[in-house]
Every structure is written in structure tokens, then in C-alpha cells.
Amino acid sequence: FFLPFRGLPHCGCADAQPSAPQGQHTRVVPARCGRRPEQSRNMADEVLGYKMADGMSAAIKSFQLRGSSGDAMVIRIVHSSDELQIEESCKGLSSIEDLAEKIEDAIEPRYLLFIHKQSHTDGRVSYPIAFIVFMPPNVPASLKMMYTRLVPALVEKFRVAKQFSLSDPEDLTTEWLEEKLAGR
């Protein structure tokens, strides 16, 4: 009993043509879409039509793999170019309250990634990455929609389990984050 193989075309497009009829062993032959493989790879650096700035994917991957407790990233949308950019990258903040100080004067929403050292009651230590959507009060509805619309795609892109919303930087404390991570 064999299941048919249905791989993806090398260019990443959905315009693939099976080389054999349905139900038989098939391999997918790339359609002539005109895209070169390197062009399609750049599509991975896009989130719902917003480009990721040059080097951003690599910086986020490095953050995920090599980051340590207290590392943070502040990410924003540049409206004029429909681009996601890392506004600030911080290493070894002493606490999340230090990150709160960095965003307290922000008048536009921001995405925050923060690696938090979490000690469990059984003695284990984990380093979850918190994805926080900071939405200051009095933000126009269009900006709220723009930032909120990207959240599910960014959760997947950043490979985080949960995302949290924040409207007041003063609420961004270690206790708040630990309650959120614990599901309370």
C-alpha cells in the first residue's frame, strides 16, 4: 500500500502539476510560473503583505536559538514601506521592567519579544519567549487593526506558544508576565 507523494514545487508556488494521474505514485513538477527559487525564498520574509527588513529573519532566528534571559526585541511596522523592522534589540536586561521603560514614550503600537527565565516548583528552569503586543491608549482604530491583524501570523512566524496584550507600560512587570505565562 503506497500513498502518492505530493511534494511542493521547488519555487514554492502553488501552481504545480502532478506528473501522473491521481492515485498513482506522483512527483510534483514545477509549473512554469516564472519565479526563480531565490525569489520564492524571499516570500518567507513576508507576513500578510508586510516585508520583513533585511536580516530580520536571521536576527529573530538567532534570538530564538542563542538568546538568553533578559534578551528583548522591539518590532514596529514602518507604514510608508509596509515593512516590519526591529526598532531595538537588547541583551541581558536585568528585568522586564527595563523593557517597559523603553516603550513608555511610544505613541504607536509595538511588538515585543522577551526571553524570560522561569523557575518551576519542581526545580526545572525554562526560558519561554513572551510575545507581547503593546497597544497604547488613544491609538487610531486603523493602527489597532493593522497591528492586530498580523498577530496570528507573527505568532506562527516567531514560533511562540502564546501572545499577550498590553496597553500600559506600567503593567509590564515580572509578576504580570509570570501570571500570563502561567495562564492566569
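The values are calculated or read from the model by the stated rules, or taken from the named source; none is laboratory data. Quick caveat, the model's predicted, so the values are computed rather than measured. Cβ: placed from backbone, ideal geometry, glycine included. Neighbour counts: every protein chain shown. Each accessible area value is taken on the protein alone, full model and side chains, heavy atoms only, with ligands, DNA and RNA left out. Shrake-Rupley method; radii C 1.70, N 1.55, O 1.52, S 1.80 Å.
Look through 62, 94, 68, 89 and report the one residue that is among the hydroxyl-bearing types (Ser, Thr, Tyr) and in a strand (DSSP E or B).
Matching residue, one of 62, 94, 68, 89: 89.
Yes or no, residue by residue, for (1) over 27 Å from residue 54 (Cα atoms); (2) open to solvent by less than 30 Å² (accessible area, probe 1.4 Å); (3) part of a loop (DSSP other than H, G, I, E, B):
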position	(1), (2), (3)
75	no, yes, no
106	no, yes, yes
130	no, yes, no
152	no, no, no
164	no, yes, no
Quiz item: If residue 158 passes every condition in (1) surrounded by 10 or more Cβ atoms within 10 Å (Cβ to Cβ); (2) over 18 Å from residue 71 (Cα atoms) but one, which one does it miss?
Solution: (2)
Quiz item: Of all residues in the range 125-156, which are at pLDDT below 90 and charged (D, E, K, R)?
Solution: none
Quiz item: In the range 54-101, which residue that is charged (D, E, K, R) and farther than 21 Å from residue 117 by Cα is nearest to the chain's Cα centre (by Cα)?
Solution: 76
Exercise. Among the candidates 122, 98, 82, 105, single out the residue that is within 24 Å of residue 153 (Cβ to Cβ) and either in contact (Cβ under 8 Å) with a residue 60 or more places away in the chain or of a type outside the set (Phe, Trp, Tyr) (or both).
Key: 82
Quiz item: Do we have any residue at all in the range 109-121 that's among the aliphatic types (A, V, I, L, M), more than 22 Å from the chain's Cα centre (by Cα) and in a strand (DSSP E or B)?
Solution: no
Quiz prompt | Hey, residue 65 at pLDDT 50 or above, loosely packed, with under 13 Cβ neighbours inside 10 Å and within 29 Å of residue 161 (Cβ to Cβ) or not | solution = yes
